[in-house]
Structure formats: structure tokens, C-alpha cells
1. If a residue must be in a helix (DSSP H, G or I), modelled with pLDDT under 80, surrounded by 11 or more Cβ atoms within 10 Å (Cβ to Cβ) and not basic (K, R), how many such residues does the stretch 140-163 contain?
2. So which of A47, A36 is within 24 Å of D75 (Cβ to Cβ) and in contact (Cβ under 8 Å) with a residue 12 or more places away in the chain?
3. Check every one of the helices (runs of 4 or more DSSP H) wholly within the stretch 1-92 and list those with 3 or more residues that are under 30 Å from A106 (Cβ atoms).
4. Could you list all residues from the stretch 105-116 that are polar (S, T, N, Q), within 32 Å of the chain's Cα centre (by Cα) and modelled with pLDDT of 85 or more?
5. State yes or no: is F24 of a type in the set (A, V, I, L, M, F, W, C) and closer than 29 Å to E74 by Cα?
6. Under 8 Å by Cβ, and 6 or more places apart or on different chains, what pairs join a residue from the stretch 68-86 that is in the same structural domain as V32 (by TED's automatic domain parsing) with one that is exposed (fewer than 11 other Cβ atoms within 10 Å of the Cβ) and of a type in the set (K, R)?
7. Scanning for something on the phi > 0 side of the Ramachandran plot and either free of Cβ contacts under 8 Å to residues at least 24 places away in the same chain or surrounded by 10 or more Cβ atoms within 10 Å (Cβ to Cβ) (or both), does the stretch 97-105 turn up at least one residue?
8. Among the listed residues K126, K119, identify the single one that is at pLDDT 80 or above and more than 33 Å from the chain's Cα centre (by Cα).
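The values are calculated or read from the model by the stated rules, or taken from the named source; none is laboratory data. Please read these numbers as outputs of a predicted model, since none were measured by experiment. Ideal geometry is used to build each Cβ from the backbone, glycine not excepted, and the neighbour counts take in all protein chains shown.
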Amino acid sequence: MDEFFDSTTWFLIRNLTLFFLVVFWLASIYWVYKDARRRIDDPWLVAVATLLGVVPPFIGPLIYMLFRPPEYLEDVRERELEIRAMEERLARRELHCPVCRAEVDASFLVCPVCTTKLKQACSNCKAPLEAMWQVCPYCETQVDTPSTIRLDAWETPEQRLEETRTRRRRQRRRE
């Protein structure tokens, strides 16, 4: 057995193992540094994270993995941009017809493009009412809400389109 540990084969195995351990350790340090730069904005904290990857060999990167930020800085910035864009869209509050997607005003009762009924009009002052309102806020009139809904009264978009075409033809004939 002593002959094996004194042989060149043993020295070659030992030196290659040490070489690969050092390469793996250096690669883990490099990984911690690159990952910390992608996740941490402060250069001092990046240096501390890299130092943590260096000092306790092989354990440092595991500790870093437990305490690193969960997101990349790029993902955080992208999410913030998406949120800002959504907030701007909501602030503009562009209203669209649910059938033809044409832009409509908040005061429209009917879509001017496809004649879809958008809001109910107050029976007293004819002001547009929101769907959930129980009373008209302009004249204090109770809103007439149907107690039952007839399913056969609902029109399909195709039927509505055909009715719109028919109305337009009639208007052209009158002119």
C-alpha cells in the first residue's frame, strides 16, 4: 500500500483532483460575482457577496444562494415599466365599445359605429347611468331595473350588425 502512495499515479491523481477543486472553487467565485452583479445594484454589496463566495470555500456560494435577492435587476425594472404603462393606460381611461372596439365617450348611451347600447338613460333627465346605479345622481329618480331577464331578447353580434345595415339602408332611402 505504501508503494501506491509513493507512485507517480497517486501524485497525478492527487494533483488533478486538487487542480479541479481549485478550478471549481474559482468558477463558483466567478458565478457568485456575476450573479450578484445581476441581482444587486450597490457595488459594495456585490463585493461583500463575492467575498462571501471566496472565504468559506464551497460553502460561501451556498450561503449566498440562501440570501441573494430573488429577482434580477433587469426583471425588476421591466416589471416597474409594465406597471407604469398599465397605470398610464388606466389614467387615460380610454373607453371602447364591447362589440366593435370603437372608441366611445363616457357620456354615450349607444355606440355610434355599431349602435350597441352602452348605458341606460335616466327615464326623467335622460342622463347616462352606470350599470350598478340604483338611483340617478342628477335628478334622484329611481332607476328601472328589470326583475327578469329574457334570454331570447339578447341579440347576437351578427343580428345586431344586420339590424345596423338595415337601418343604414333605410336612412339612405329617406335621403
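1. Counting residues in the stretch 140-163 that are in a helix (DSSP H, G or I), modelled with pLDDT under 80, surrounded by 11 or more Cβ atoms within 10 Å (Cβ to Cβ) and not basic (K, R) gives 2.
2. A36
3. The qualifying helices (runs of 4 or more DSSP H) are 73-92.
4. T116
5. Yes.
6. none
7. Yes: the stretch 97-105 contains one or more residues that are on the phi > 0 side of the Ramachandran plot and either free of Cβ contacts under 8 Å to residues at least 24 places away in the same chain or surrounded by 10 or more Cβ atoms within 10 Å (Cβ to Cβ) (or both).
8. K126
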